[in-house]
1. Counting only Cα, what are the radius of gyration and maximum Cα-Cα distance Dmax of the stretch 297-364, in Å?
2. Using θ = phi - 60° and the Karplus relation 6.51 cos²θ - 1.76 cosθ + 1.60, list the HN-Hα couplings for the stretch 44-57 in order, rounded to whole Hz, with x at every Gly or Pro.
3. Which helices, taking whole DSSP H runs in the chain, have alpha carbons extending 30 angstrom or more along the helix axis plus mean Kyte-Doolittle at least -1.0?
4. In what sequence, largest accessible area first, do 33, 259 appear using a 1.4 Å probe?
5. Can you spot the aspartates and glutamates whose alpha carbon is less than 16 Å from residue 92's alpha carbon? Ignore those fewer than 8 places along the same chain.
6. Where in the stretch 330-405 are there trypsin sites (Lys or Arg not before Pro) that are in a DSSP coil and have at most 12 other Cβ atoms within 10 angstrom of their Cβ?
7. Could you give the length gained on full extension between residue 200 and residue 142, defined as 0.36 nm per residue of separation minus the Cα-Cα distance, in nm?
8. Which residue fluctuates the most in the chain, going by a Gaussian network model with Cα springs under 10 Å, if the choices are 192, 78, 232?
Amino acid sequence: MSTTTPAVSTPAPTSPVTTPVTTPPVSVQNTKMYGVVGSQLSRLKTDYAAGIRIRSLELAWDAAETGDDQWNTEYFATKKAELAADIAAGYKVDLNLGIQYPPQWLLAQPDTHFVDQHGTVYNNTQPGTNPLNPVFSQAVRNQQAAYIHHVFEALGSNFASVRLGFGYYGEIGYPPVAPGANSYWGFDAVATGQRPGLAHGLTPNPVPNWQAVTGESAVTPDEQLRARQLATWYLGALGNYQDWQIQTVRRDFAGRLLMLYPSFGMRPGQAEQAIQDGLRGRTSPEINGELQRGFDFAGLVNRLQDPKVSPYTTWLDADGTFVDDSSSNISMWSPVHYLAYLSAQHPLNLQVWGENTGANSRADLERCAQRAKQYHLGGMFWAFNEQLYDGRHASIDDVSQVVAY
């Protein structure tokens with residue numbers, strides 16, 4: 001069962017911020033742990049022989065909790081046996097809680113979905129696309145917390161790492177935006193204060209009747225103020241949810257936490273450009289959905305206060321004409337370069353991890369491994385285990401050759 005999705009192929013900003021910068025030195029926290037996503041028990045021996053040392057144990061919330069506080073004991077027994085087999089074979093184990101697969105009984109409850117400023121309800125039914133709204137709903141967070149605690153009660157805490165993010169395909173962020181929709185997902189009745197139940201630490205949407213500026217007219221001071229109020233509140237709310245995840249998992253697990261950051265990430269000055277234009281959807285991060293989805297890497301990384309939380313890129317293989325890691329233009333850097341830069345600047349000198357997007361070649365594998373070395377990644381996962389054996393992508397033999405450098 002795959003648990004992540006290829007990162008959004010975000011092109012380079014149309015108005016790049018040309019700020020000459022140099023990545024600060026990163027202390028060598030170079031464990032070079034290699035793992036696989038979508039682990040298959042039948043591959044334990046061959047994966048280990050190739051140099052893989054971490055396997056992902058992947059859960060699905062909807063399979064585990066069949067009703068409110070009703071637990072599938074057979075499912076947990078199967079997962080506990082899988083965990084034991086991985087450990088017996090010499091692996092460390094990474095836990096994917098599978099919160100991106102919410103149970104239907106919870107989805108049917110009121111005020112559990114995101115709503116944008118047009119009244120559109122996000123309700124994607126594809127597995128892993130997670131239509132739940134835990135950013136604004138405390139009730140949804142409470143359900144997530146109960147599930148998380150039960151997982152550790154049932155399986156223990158013998159994990160090398162636990163994945164956080166909990167949104168679309170398990171990554172941190174708001175739902176995707178339909179082309180041209182310019183949707184901001186902060187207008188449900190709870191988020192706007194029309195009904196109680198707002199998540200702890202949040203205030204209601206300060207501009208509940210906001211609509212984007214349209215046309216070509218200049219943005220008025222009032223329109224710019226309202227755009228700033230919305231953007232500041234919206235990005236801050238997602239940061240609050242990130243903080244909550246860390247605090248919640250920390251009640252049961254003291255080890256490495258991997259916060260999954262998808263896509264390219266907004267770069268310095270881009271949010272301000274969008275605000276000054278009234279959030280009308282014309283700037284690069286709006287066109288690409290980066291702002292609407294809350295991919296404020298700098299803001300999110302700067303909030304981290306736990307030295308064992310790792311910023312984790314799910315687009316380690318990013319390449320193309322819009323990526324240049326040697327550039328002095330920070331807007332051209334690959335996601336892992338930018339996250340490494342932010343993490344090295346952080347007072348805790350955070351350890352970055354990452355993975356590829358899937359369906360990748362030998363050349364992609366080599367590029368990912370080189371970046372893991374260059375940016376001192378604590379670990380690198382390869383997505384997906386089954387693709388190493390399908391004869392159409394980078395192979396397990398490629399892994400054995402590349403990870404030995």
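1. Over the stretch 297-364's Cα set, Rg and Dmax evaluate to 12.8, 37 Å.
2. After applying 6.51 cos²θ - 1.76 cosθ + 1.60, I find 4, 6, 5, 5, 5, 5, 7, x, 6, 10, 10, 10, 8, 9 Hz.
3. In the chain, the long hydrophobic H runs are 221-250.
4. Heavy-atom accessible area, descending, gives 33, 259.
5. By straight Cα distance, residue 92 reaches 47, 58, 82.
6. 392
7. Full-extension gain reported as 19.8 nm.
8. Checking each option, the largest mean-square fluctuation is seen for 78.
The values are calculated or read from the model by the stated rules, or taken from the named source; none is laboratory data. Everything numeric here is computed off the predicted structure, so don't read it as measured data. We place every Cβ from the backbone using ideal geometry, glycine too, and count neighbours over all the protein chains shown. With ligands, DNA and RNA removed, areas are computed over all heavy atoms of the protein, side chains included. Shrake-Rupley method; radii C 1.70, N 1.55, O 1.52, S 1.80 Å.
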